[in-house]
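**Q** One structure coming up, written as structure tokens, with questions to follow.
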Amino acid sequence: MSAPPPVSTESAGSAGTVSGDAARASLEALRSEIAKAVVGQDPAVTGLVVALLCRGHVLLEGVPGVAKTLLVRALAASLELDTKRVQFTPDLMPSDVTGSLVYDARTAEFSFQPGPVFTNLLLADEINRTPPKTQSSLLEAMEERQVTVDGMPRPLPDPFLVAATQNPVEYEGTYPLPEAQLDRFLLKLTVPLPTRDDEVNVLTRHANGFDPRDLKGAGLHPVAGPADLEAARIAVAETAVSPEIAGYVVDICRATRDSPSVSLGVSPRGATALLSTARAWAWLTGRDYVTPDDVKALALPTLRHRLQLRPEAQMEGVTPDSLITAVLAHVPVPR
């Protein structure tokens, strides 16, 4: 998934009516703004923007020290959105995320104290460090965009996005996410180690005084807001999808279910997610219709976490990415 081409730099306000072109320009400006703090992670930045457009959530996976947390913090600093961070630990309780009822001795009544989930952008850092009971506290929030406490549903702000990070190499003391929760993430983005040139750039920035804890000092400021996102979502919803493209998405997902290497293939929810992300990508690249290339561009990040491979396939070196790549090579492309 490569970055979209540059678009007009026409300014977009954060209030009032915003045109689709102005919203696209504002979201494109996010990439250059985040680049002030994060070097060489354009695909991950673009994936986060796609998730915002699709009202989805993102799982960021990478080894320690590749700027996963900094990436989300830089995104929040570049948007006029409220953001909170939760460091997931083995002793974290569900109420620490969702909130709880607190007794007020002055009024002799219980009042609801909102948890950090009541925000626009929630950074769930090292989500696989906490037990399933606490992990599941996010399920209702991610799917229903509400939290139920003491039998009363409480709506979450809009927009609402969960950006969760996890480490793919340290398994001691971790709790792998169950399939049901993985399926709630729209995208799984891998954050790779930087190239040599990018790593030299990182060190040069630090030598020149860059402080990752001070994003304002690095010059980051909001370049887009809720009005831009709303205008962009409306434009994405108007992006045309032909019956041939819908059939292509279905054929890709059904092919994963028929693979002998897979014990659990992509569900219909995954097919819907792939169509949504391809639609958002098409709009970001300046088109009002979806092509097969849009579907291919988003297939890996949208589907890789929705596959469960058989143990014998894993022993033979098959990975979700290699399987999806093989499926894309064999499923007929509509003309």
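**Q** If you place +1 on the Cβ of every Lys and Arg and -1 on the Cβ of every Asp and Glu, how big does the dipole about the Cα centre of the chain come out, in debye to the nearest 20?
**A** Magnitude of the dipole: close to 160 debye.
**Q** Quick one: length gained pulling L70 to E230 fully straight, 0.36 nm per residue minus the C-alpha distance? Walk me through the numbers on the way to the answer.
**A** On the way: separation 160, 0.36 × 160 = 57.60 nm, distance 2.52 nm.
Additional length available on full extension: 55.1 nm.
**Q** Out of S259, A207, L189, whose Cα points farthest toward the positive end of the dipole of segment 173-264 (charges: +1 Lys, Arg; -1 Asp, Glu; placed on Cβ)?
**A** Going by the Cα projections, it comes out as A207.
**Q** With the chain treated as a Gaussian network of Cα nodes joined by springs under 10 Å, which of L264, L274, L122 yields the largest mean-square fluctuation?
**A** With Cα springs under 10 Å in the chain, the top fluctuation among L264, L274, L122 is at L264.
**Q** How big is segment 12-137 by the Kirkwood estimate over distinct Cα pairs, in Å?
**A** 16.7 Å is the Kirkwood radius here.
**Q** I've got another one for you. Subtract the Cα-Cα distance of D158 and T174 from 0.36 nm times their separation in residues, and report this length gain in nm to one decimal.
**A** Length difference between fully extended and current span is 2.7 nm.
**Q** Then there's this: What distance in nm lies between label points placed 7 Å from Cα along the C-beta direction at R106 and D21?
**A** For R106 paired with D21, the spin-label model returns 5.5 nm.
**Q** Can you give the accessible area per residue of segment 113-235, in Å², using a 1.4 Å probe?
**A** Details: 6000 Å² over 123 residues.
On a per-residue basis, segment 113-235 sits at 49 Å².
**Q** Next up: Over the chain, with a Gaussian network built from C-alpha contacts below 10 Å, which listed residue (A35, A105, A218) shows the highest mean-square fluctuation?
**A** A105
**Q** So which GluC sites (Glu not before Pro) in segment 110-214 end up in coil per DSSP with only 13 or fewer other C-beta atoms within 10 Å?
**A** Answer by residue number: E170, E172.
**Q** Further question: What is the Cα coordinate range of segment 243-296 on the first, second and third principal axes, sorted by size from largest, in whole angstrom?
**A** Principal extents (largest minus smallest coordinate, Cα): 38, 17, 15 Å.
**Q** Over all alpha-carbon pairs in segment 111-245, figure out the percentage whose distance exceeds 17 Å. Intermediate values should be presented prior to the final figure.
**A** Numbers: 6722 of 9045 pairs.
Every Cα pair in segment 111-245 considered, those over 17 Å come to 74 percent.
**Q** Give me the Debye-computed log₁₀ of I(q)/I(0) at q = 0.08, 0.09, 0.12, 0.16 Å⁻¹ for the chain, equal point scatterers on Cα only, no solvent, two decimals.
**A** At q = 0.08, 0.09, 0.12, 0.16 Å⁻¹ the computed log10 ratios are -0.39, -0.50, -0.90, -1.50.
**Q** To continue, here is another question. Enumerate the calculated ³J(HN,Hα) couplings along segment 19-36 in order (Karplus 6.51 cos²θ - 1.76 cosθ + 1.60, θ = phi - 60°), each rounded to whole Hz, writing x wherever the residue is Gly or Pro.
**A** Once rounded to whole Hz, the list reads 6, x, 5, 5, 5, 4, 5, 5, 6, 5, 5, 4, 4, 6, 6, 5, 5, 5.
**Q** Reachable lysines from K216, Cα under 23 Å, same-chain residues fewer than 8 places away excluded?
**A** Within reach: K36, K68, K84.
**Q** Ok, one more. Pick from A141, A313, A224 the residue whose mean-square fluctuation is largest in a GNM of the chain, springs joining Cα atoms under 10 Å.
**A** Among A141, A313, A224, the largest GNM mean-square fluctuation belongs to A313.
**Q** Now a separate question. When averaged across all projection directions, what area in nm² does the alpha-carbon convex hull of segment 265-335 cover?
**A** Averaged projected area of segment 265-335's Cα convex hull equals 5.1 nm².
**Q** Another question about this same structure. With no solvent and one equal point scatterer per Cα, compute the Debye intensity ratio I(q)/I(0) for segment 185-270 at 0.11, 0.14, 0.17 Å⁻¹ and report its log10, rounded to two decimals.
**A** For segment 185-270 at q = 0.11, 0.14, 0.17 Å⁻¹, log10 I(q)/I(0) is -0.71, -0.91, -0.96.
**Q** May I ask you to compute the full-extension gain from S95 to K133, defined as 0.36 nm times their residue separation minus their alpha-carbon distance, rounded to one decimal in nm? Kindly include the intermediate steps, with their values, before the conclusion.
**A** Numbers: separation 38, 0.36 × 38 = 13.68 nm, distance 1.06 nm.
Here the segment from S95 to K133 would lengthen by 12.6 nm.
**Q** Considering only protein heavy atoms and a probe of 1.4 Å, how much of the accessible area of segment 11-82 is carbon and sulfur, as a whole percent?
**A** 49
**Q** Any idea how far the Cα center of segment 192-266 sits from the one of segment 48-75, in Å?
**A** If we compute the Cα centre of each part, the gap is 7 Å.
**Q** Moving to a separate point now. In square angstrom, rounded to the nearest 10, how much accessible surface does E238 have for a 1.4 Å probe?
**A** 130
**Q** Still on this structure, please answer the following. Would you kindly derive the ³J(HN,Hα) couplings of segment 264-278 from the backbone phi angles with the Karplus curve 6.51 cos²θ - 1.76 cosθ + 1.60 (θ = phi - 60°), listing them in order in whole Hz, with x for Gly and Pro?
**A** 9, x, 6, 7, x, 4, x, 5, 4, 5, 5, 5, 5, 5, 5
The values are calculated or read from the model by the stated rules, or taken from the named source; none is laboratory data. Not measured: the values here are computed from a predicted model. Heads up, the Cβs are rebuilt from the backbone with ideal geometry, glycines too, and the neighbour counts pull from every protein chain shown. Accessible surface areas use protein heavy atoms only, side chains included; no ligands, DNA or RNA. Shrake-Rupley method; radii C 1.70, N 1.55, O 1.52, S 1.80 Å.
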